[in-house]
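Engineer: Got a structure for you, questions after.
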Amino acid sequence: MKTNPRSIPRTEADVRRARREGWVEGLRLMEALFLLALCDKCPEVDAVAVWMEVCEKTKSSDKRYFTAADVRNTLREEYGIDLLGGPSKVIAGGN
């Protein structure tokens, strides 16, 4: 089998960096989509205030005041939203 003379050898560090960058880009897209949907569906909501609250919650999470499981449980128990089950698993009667 011939090898491409223009190919650039990749190291394990290159692959890890690319994967991490892909995750970050995906998360940024998800944040943007969520805020866009919020602005479209709830124009009365102050999206800037929501974003600031998200940033504050992120800082608290970074300090280990709560875990991702805590957030998922709160959403499920208090709002009827099951993130692990996807949109089709929203519990009837949730706020």
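The values are calculated or read from the model by the stated rules, or taken from the named source; none is laboratory data. Just so we're clear, the structure is a prediction, and the values are computed from it rather than from any experiment. All Cβ positions, glycine included, derive from the backbone under ideal geometry; neighbour counts span all protein chains shown.
Engineer: Which ones in segment 13-51 are among the aliphatic types (A, V, I, L, M), farther than 26 Å from D70 by Cα and either exposed (fewer than 10 other Cβ atoms within 10 Å of the Cβ) or in contact (Cβ under 8 Å) with a residue 60 or more places away in the chain (or both)?
Structural biologist: Let us first name the residues in segment 13-51 that are among the aliphatic types (A, V, I, L, M), namely 13, 15, 18, 24, 27, 29-30, 32-33, 35-38, 45, 47-50.
Going one step further and asking which of them are farther than 26 Å from D70 by Cα, we end up with 13, 15, 18.
Passing the criteria: only A13.
Engineer: Let me ask you something else. Quick check on segment 77-86. Is at least one of its residues exposed (fewer than 13 other Cβ atoms within 10 Å of the Cβ), within 15 Å of the chain's Cα centre (by Cα) and modelled with pLDDT of 90 or more?
Structural biologist: No, segment 77-86 contains no residue that is exposed (fewer than 13 other Cβ atoms within 10 Å of the Cβ), within 15 Å of the chain's Cα centre (by Cα) and modelled with pLDDT of 90 or more.
Engineer: Can you confirm whether V54 is surrounded by 10 or more Cβ atoms within 10 Å (Cβ to Cβ) and either modelled with pLDDT under 90 or not in a helix (DSSP H, G or I) (or both)? Before the answer, list the steps.
Structural biologist: Numbers: surrounded by 10 or more Cβ atoms within 10 Å (Cβ to Cβ): yes; either modelled with pLDDT under 90 or not in a helix (DSSP H, G or I) (or both): no.
Judged against the criteria, V54 is not a match.
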